[in-house]
Structures are given as structure tokens and as C-alpha cells.
Amino acid sequence: MAKTIVCHCEDVTLEDLKEAFEAGYRDLESLKRYTGFATGLCQGKGCTAHVARMLSSLKGGDDVVSDPPRTRPLLHPTPAARFAGQTRFAGQNSSSKSCDEEES
Amino acid sequence: MKDKADLVIIGGGVIGLSLAYHLAKMGFTDVVVLEQGFLCFGASGRNGGGVRQQWSTEENIRLMQESVRMFKALSIETGYNLWFRQGGYLFLARDPETATGLESTIKLQNRCGVPTRLVSPTQASKIVHGLNTDGVEICAFNPTDGVLFPFPALWGMAKVASDLGVEINTFTRVTDIAAKGRQIVKVVTDKGSIATNRVVNAAGAWSVQIAKMLGVELPNKPYRHEILILEPTKPFLNPMVSDLSNGLYFSQTMRGEICGGVSNPDEKSSMDTGASFDFLRRMSSAMVAVLPKLASLKVMRTWAGFYDETPDGNPILGRVNQIDGFIQLNGFGGHGFMMAPAIGKMAAQWILRKANHQIFSKYDLARFDRGETERETFVIG
Ligand SMILES: Cc1cc2nc3c(=O)[nH]c(=O)nc-3n(C[C@H](O)[C@H](O)[C@H](O)COP(=O)(O)OP(=O)(O)OC[C@H]3O[C@@H](n4cnc5c(N)ncnc54)[C@H](O)[C@@H]3O)c2cc1C
């Protein structure tokens, strides 16, 4: 069966979000914590607006969802080394790895 | 919303919900929980999920032991998976004084049945592969400590409580509490009033504001506590690691992320939950110094919550002298989550007069006037 993926980082589908809504998680913050949308590498930049629109329509369309989770650092995922004053891993861009591999 | 109730609990954090959960399980369901935000809005949704039994007072050791037993059963009881994982807690001591302190607290913990042991830096680096033990004198390790996901614990207890008949109102803010003389009359919210004679103040960092509504002054102070999360990796880190020299702590969640924080001795009391660059810098440096291989992992997000601190580091529980039926369950600082199961159950038994736990008179508000305080020294962050 076809799936609609809403949050690409965490593979949260439209179905997951509807299920969460049915289970009583009916605000963006709770939906986020229950389904994990917006908790991946992009931290919600790609999906929050979609979920807000979906939530608004599930609530009957006239309920404007205007309470997105607070925008917090980081704007861009950045190696901890950079904040620890190290120059290692400066140009790193890949995701999903084992830190054991990176050490060598 | 109900317009009257036997008992109103202000605060839908882990403490208020644990109380509601246990009251409901004991058959007492004419209870309303009021939460100004969503469940998880307060400290209970912003913490590190650490659950440890390594403490310096017998009171705390026993509370956490009981809570560990209860956390182990809570996923089954509620149908919500807490992802409670007992990978242990590893504490690093860097100076002789801290090392000696560890020795005596371990003796006390062992007497209570907690299997903490001293481990050498070499042994510690076998427990945590890649640990940098330079400057580490000795470590303490208890394999039965652990970490969990806070959110499902809250949702699970809320679900069971509300299925049993407790009313939980989120996005409902208490604005006033009315009293006649010593007697509470009603709780006023932005969505209406509830007539009641009994109110539990489980409002965490906001408890001072709630108490003020009844003219009661609490000595609690809120302190911001920042925390961060690194991108997920394959599971490699078993215990929570904590450096006693700077209050650093971090663990790996069941999703693979590294989550942790560090003390900030310069933090002033405030109701600010903003983020600071200073935290990113201090936390990354401290973490990378202890476990250098974390350097390559990307920081994904930082956030903050409150430590609701009392002058002696212990919570404020039980009655107050000025007002009848006004029960305090607040001031849990940086370790309220891990004792919430035991505290909620004991408070329910105490409120229903099923048991008279000493802790509710020992840790009452009047202890500060009596001068009977006992400091817990083993606090992190
Ligand atoms: C960064 C961080 C890390 C931590 N790490 C750990 C850890 O590893 N282990 C551990 O055990 N503890 C930890 N803690 C501490 C722990 O989170 C707290 O001690 C615990 O969650 C306190 O629970 P609570 O229910 O008292 O407070 P809260 O969860 O804050 O609940 C109080 C609730 O009351 C509500 N409220 C306030 N005013 C009103 C009002 N007027 N009307 C209605 N509702 C109101 C608030 O919205 C809030 O949800 C940490 C805390 C922080 C901030």
C-alpha cells in the first residue's frame, strides 16, 4: 500500500499522524513527541508546516494551528568538535554513521 | 470541565500525574488535574531521563530503589513503553576528596542493597569504550541504574488515571485559588472554576506562584537547565556517564542519540528557557574531553527546562501551617523524575490515610523554620 511520508528524517507517515490524533495527541507539541516528527536532522524545517496544516484540517479546518514548537539551536547540525574548539570534522556533512568509524 | 472535585492537582508533570495515577488505582477518582500546557510542557518533558540509586542519604537511596522497581513495571501497567534501560551510571571522581566521598556513599548504598562498586579508571574504560581517564582518580559504577524516555511515562500514567475516572485538563491555567480563613473554597482557571477543599501544588518551577495565591511563601527558586542531543548512532554506550568535577552527564537513548547536560555554576535564578551559546561550548568541551569519539557527532538541538530548587536540595512535601488541605509536592530540583513513582504512591497513601509516611512531616515546609534540614550532597547539574 502506498504511504505518504510527512517527516522524511524520521519516516513519520500521514497514517502515523492520524493515529496519534485519534489517540488524543491533538496539538503540535504532543504530536511531535508522540510520533517523533521534527526530531530528526532537519529539526522540523521540512515538515512542521505540513503537520500544522494537517492538524488544522483534522480539527475541522477552522482551528488555525499557530503554536509551532520553539525554534532552537542548531540551525544546522554541527559536529560537537566545533564547539569544543577542535578543527577536526570541520567539513563533515554526512549523517547516520557510527562514531567508532569516524574516529579512525 | 467538572465544577467540583474532592481534590485538585495543579500541574500535569510527572509528580502530579504519578499522584493522580496512584489515587485512581486506589479507587479515589474524584480528582481533577490542571495543566497550563500540554503534558510534558514542564521539566518532566525536558529532562535527561536518568534514574539512579547512587545517592548520599538513605532517604533518597530508598526512594530511588522503590522507583526503579516501579519503573520496571510501569510499561506493562500502562501499555506505554518507557524504554527503561538499566545500563548503569558511571561517576568519575577527579580529586581525592570526591573519591573519599564516593567510598562512604557506596558503603551506605551497599547497606541498602544497591550494588554500587568502586572501579579503577582502567576498569571504567572497559565499561565505556574510548573513555578518556586522564586525571580520573576513581569511578563509581552501579549496573542497576538506568535511563528512560520521559514522555511515555507521563502519557501512560495520564491514560490509566483518566480511564479510571480522573479528569485531566491540559491547556488550562490556574489563575487564582480562593479561601475562606484556613479553608480552600475553589480553584479558578482560565476555563472556569472548580469548587474543592483540597489542592495539591505540583506545579514544579511555578509552585511559588501557586502558593502565593493562598498567601503561602515557598523558598523554591527556578533555575534554567540546558541540555542537548547529538545525532543518533548505533548503540555503543551502556551507562549514563557523569563527571563529578563539573556536573557533566550524558547517556545514549534507545533511539541512539546522545543526550546530556552540564552544570553552570554561574546560572542565576530565572524563568528563562532560552538557549545559550555558552552552554553549547561548555557542554561540547566537557563531553568531548571525557569521550573523545563524540567529537564527530553533530549536535542536533539544545533546549532547556527548570530545576525547581529548594534551600536544602530536598523536595517540599505535605501540609503547610497556614491553610488546611493545601498539599505541597514540589521542589524536586534535578532529580524529581526518578523518584516520582515512589513519591506519587506514598502521597496517595498518605492523602487517603492508608499509611503515615514520615517523609511528609520530615520534608514539610516548616522544616526550614525548625532548622531541621539535611543536605543531599550527590546532586548533578
Ligand atoms: C535539563 C533537565 C534535566 C533533568 N534531568 C533529570 C534526570 O536525568 N533525572 C531526573 O529524575 N530528573 C531530572 N530533571 C528534573 C526533573 O525533570 C524534575 O524534577 C521533574 O520533572 C519535576 O516534575 P514536576 O511534576 O514537579 O514538575 P513539572 O514537570 O515542571 O510539572 C509542573 C507542571 O505544572 C504546570 N503548571 C505550572 N503553573 C501552572 C498553573 N498556573 N496552572 C496549571 N498548570 C501549571 C506546568 O506547566 C508544568 O507542566 C531534569 C530537569 C531538567 C530541566
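Side notes on the structure shown:
- Residues of segment B:46-77 classified as in contact with a Leu (Cβ under 7 Å, 6 or more places away or on another chain) and within 7 Å of the ligand (Cβ to nearest atom), total: 2
- Inside segment B:193-216, residues that are free of Cβ contacts under 8 Å to residues at least 60 places away in the same chain and touching a Leu at 6+ places or on another chain (Cβ under 9 Å) make up a count of 2.
- Taken over segment B:135-184, the criterion of being of a type in the set (Lys, Arg) and in a loop (DSSP other than H, G, I, E, B) is satisfied by B:ARG173, B:ARG182.
- Filtering segment B:185-201 to residues that are in contact with a helix residue (DSSP H, G or I) (Cβ under 9 Å, 6 or more places away or on another chain) and not in a loop (DSSP other than H, G, I, E, B) leaves B:VAL199, B:VAL200, B:ASN201.
- In segment A:1-25, the residues that are buried (at least 18 other Cβ atoms within 10 Å of the Cβ) and either in a loop (DSSP other than H, G, I, E, B) or among the hydroxyl-bearing types (Ser, Thr, Tyr) (or both): A:CYS9, A:GLU10, A:TYR25
- Each residue in segment B:9-29 was checked for being in contact (Cβ under 8 Å) with a residue 40 or more places away in the chain, more than 7 Å from the ligand (Cβ to nearest atom) and outside any strand (DSSP E or B), and 12 of them qualify.
- Whichever residue in segment B:245-256 is away from chain A (no Cβ under 14 Å) and surrounded by fewer than 20 Cβ atoms within 10 Å (Cβ to Cβ) and, among such residues, is nearest to the chain's Cα centre (by Cα): B:GLY247
- When B:ALA295, B:ALA304 are screened for being closer than 27 Å to B:THR233 by Cβ, away from the ligand (no atom under 15 Å from the Cβ) and within 14 Å of chain A (Cβ to nearest Cβ), only B:ALA295 passes.
- Residue in segment B:226-241 that is farthest from the ligand (Cβ to nearest atom), counting only those that are facing chain A (nearest Cβ under 7 Å) and of a type in the set (A, V, I, L, M, F, W, C): B:PHE236
- Test: B:ARG94 is surrounded by fewer than 20 Cβ atoms within 10 Å (Cβ to Cβ) and not assigned by TED's automatic domain parsing to the domain that holds B:THR133: no
- Among the residues making up segment B:148-204, those that are within 30 Å of B:ILE76 (Cβ to Cβ), more than 14 Å from chain A (Cβ to nearest Cβ) and not hydrophobic (A, V, I, L, M, F, W, C) are B:GLY165, B:GLY204.
- Test set (1) surrounded by fewer than 15 Cβ atoms within 10 Å (Cβ to Cβ); (2) more than 23 Å from A:ASP11 (Cα to Cα) - A:ALA81 fails condition number: (1)
- Flag: B:VAL160 matches the condition of being over 17 Å from B:TRP83 (Cβ atoms), crowded, with 16+ Cβ neighbours inside 10 Å and away from the ligand (no atom under 15 Å from the Cβ).
The values are calculated or read from the model by the stated rules, or taken from the named source; none is laboratory data. Computed from a predicted structure; not experimentally measured. Cβ sites come from the backbone with ideal geometry, for glycine too, and all protein chains shown count toward neighbours.
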